[in-house]
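Here the structure comes first, spelled out in structure tokens, and everything after it is commentary.
The values are calculated or read from the model by the stated rules, or taken from the named source; none is laboratory data. These figures come from a predicted structure and were not determined experimentally. FYI the Cβ positions are ideal-geometry reconstructions off the backbone, even for glycines, and counts take in every protein chain you see.
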Amino acid sequence: MATLPIWPPPPSNSESPAFDWIFEDPRSKTLLAEVEQVAHSKANVLITGETGTGKELIARHLHYRSARCNGPFVVVSCGAFSETLVDAELFGYESGAFAGAFGTQIGWFEAAHGGTIFLDEINDLPLMVQNKLLRVLQEHEIVRLGGRKPIPIDVRIVAAATGDLEEMVQRKCFRKDLYYRLNVVSLHVLTLRERPGDIVPLARYFMEVYSRKLGYPRLRLTPQAERLLMQAPWPGNVRELENTIHRTLLLCDGEVIDAADLRLLPPPAKSHSAVSAPHKHVPAAPAPMLAPAHSAATTALQQAIRQLCQAQGGDLHQTVEDTLLREVFHYCHYSQSETARLLGLSRNIVRARLIRLGAINTSRKTSVFSEFTSSPFFSNKDIP
């Protein structure tokens, strides 16, 4: 049996067979060629794309293919901290800088000295910290919170954003000068549905990985299963595909995975009325203000609000707001970023409200290196 490549590749300048294997779609290979072209430079890189498309994977490959490959690769989730902590986390602090600051603590920029720092979800960075980051990019030095002595640093910045930074610049939610400083090189990672040639190779890759973890024999996909994988919309992108394969292997009995084993919804079929043309012309009715599905949902929502008005004496607004946040958070599979995007709020606001509701646990400080997952596609971070 052929040995599948392990991700991430070792920190060397040799070719990574994992990338050649995972990136099979022509549009993905075009992106990989762009990554190879800019990897050896010192230029800052901005990676855009939906959640779960593999932006961190691109950032890691940039690091391993650069002259900094033997230096640290530090992952920072910009939305994982409150506005009061993010400054100290990024740039460090001196003893006594704030209540509870006992001793000097270096920040993540200092930890990344000589290597690469990956600022994930840069769109969640507060404006106050954006100002300081701009100064770091200009002067190549940081000043710890509570300190006055500049500390020179040699760091390449790779940033990633799920939101539209250009739109945020126009809304004055993101500094224009910082945007242009970060966006020296722009790389856009396509959604999985936009690069269908990667779907089946990735599915086979995850099948092999999880088969070995579970002690299963080598499994294979039937043509019907491959066809269904290709037709699925994959709103969660690569992460959703990985979870689907993992779940399928846990529940399957044989050594062959059929379409039914995937437990995916079949692609929507065209209705008979849409296919057959009418025999006589009927004047079209005025278009409703909302689509039928939205109209039905709006009507149900209106009825629920009327029932709440009759049953609840007060504080109705807070009840509706809290229920909305909980339901959307559950619908988004407990992703704060997706919840914020769907509600049209900043991630910091969503996080603060979820903490108030007790929907997320804050008893343990979240690591800025981001949580390790069991996926060989996204995990095994080489933290120095």
(message) Any residue at all in segment 368-381 that's modelled with pLDDT of 50 or more, on the phi < 0 side of the Ramachandran plot and out of contact with any helix residue (DSSP H, G or I) (no Cβ under 6 Å at 6 or more places or on another chain)?
(response) no
(message) I'd like the full set of residues that are surrounded by 18 or more Cβ atoms within 10 Å (Cβ to Cβ) and of a type in the set (A, V, I, L, M), limited to segment 238-258.
(response) Val238, Leu241, Ile245, Leu249, Ile257
(request) Scan segment 132-179 for residues that are on the phi < 0 side of the Ramachandran plot, part of a loop (DSSP other than H, G, I, E, B) and basic (Lys, Arg) and jot them down. (result) Arg144, Arg148, Lys149, Arg171, Arg175
(request) Check Asp164 against each of (1) closer than 30 Å to Leu342 by Cβ; (2) at pLDDT below 90; (3) crowded, with 22+ Cβ neighbours inside 10 Å and name the one condition it does not meet. (result) (3)
(message) List pairs: first residue in segment 28-48 and without any contact (Cβ under 8 Å) to a residue 40 or more places away in the chain, second residue outside any helix (DSSP H, G or I) anywhere in the structure, Cβ distance under 8 angstrom, at least six positions apart or on different chains.
(response) Lys29/Phe23; Leu32/Phe23; Glu36/Arg65; Ala39/Arg65; Ala39/Ser66; His40/Arg65; His40/Ser66; His40/Ala67
(request) Would you mind finding the one in Leu202, Leu229 that is more than 22 Å from Asp120 (Cα to Cα), more than 19 Å from the chain's Cα centre (by Cα) and not assigned by TED's automatic domain parsing to the domain that holds Leu133? (result) Leu229
(request) Would you kindly identify the helices (runs of 4 or more DSSP H) lying entirely within segment 298-357 that contain at least 1 residues that are touching a residue at least 40 places away in the same chain (Cβ under 8 Å) and within 29 Å of Lys172 (Cα to Cα)? (result) 336-343, 347-357
(message) Tell me whether segment 216-226 contains one or more residues that are of a type in the set (A, V, I, L, M, F, W, C), in the same structural domain as Arg135 (by TED's automatic domain parsing) and not in a helix (DSSP H, G or I).
(response) no
(request) Mind telling me which of the residues Glu208, Glu255 ends up being touching a Pro at 6+ places or on another chain (Cβ under 8 Å) and either charged (D, E, K, R) or modelled with pLDDT under 90 (or both)? (result) Glu255
(message) It is to be established whether one or more residues within segment 99-121 are under 20 Å from Ser66 (Cα atoms), among the acidic types (Asp, Glu) and touching a strand residue (DSSP E or B) at 6+ places or on another chain (Cβ under 6 Å).
(response) yes
(request) Among the residues of segment 167-197, count how many are of a type outside the set (Lys, Arg), over 21 Å from Ala43 (Cα atoms) and loosely packed, with under 14 Cβ neighbours inside 10 Å. (result) 2
(request) Pairs only if they're at least six apart or on different chains, beta carbon under 8 angstrom, first in segment 110-135 and in the same structural domain as Asp154 (by TED's automatic domain parsing) and over 24 Å from Thr51 (Cα atoms), second surrounded by 18 or more Cβ atoms within 10 Å (Cβ to Cβ) and among the acidic types (Asp, Glu); list them, first residue then second. (result) Met128/Asp87; Lys132/Asp87
(request) Only one of these is without any contact (Cβ under 8 Å) to a residue 12 or more places away in the chain and surrounded by fewer than 23 Cβ atoms within 10 Å (Cβ to Cβ): Ala88, Ala80, Ala67, Ala99. Name it. (result) Ala99
(request) Could you check, for segment 107-121, whether at least one of its residues is farther than 30 Å from Gly236 by Cα, polar (S, T, N, Q) and either surrounded by fewer than 21 Cβ atoms within 10 Å (Cβ to Cβ) or in contact with a Leu (Cβ under 8 Å, 6 or more places away or on another chain) (or both)? (result) no
(request) Residue by residue through segment 313-344, note down the ones that are modelled with pLDDT of 80 or more, among the hydrophobic types (A, V, I, L, M, F, W, C) and within 16 Å of the chain's Cα centre (by Cα). (result) Phe329, Ala340, Leu342
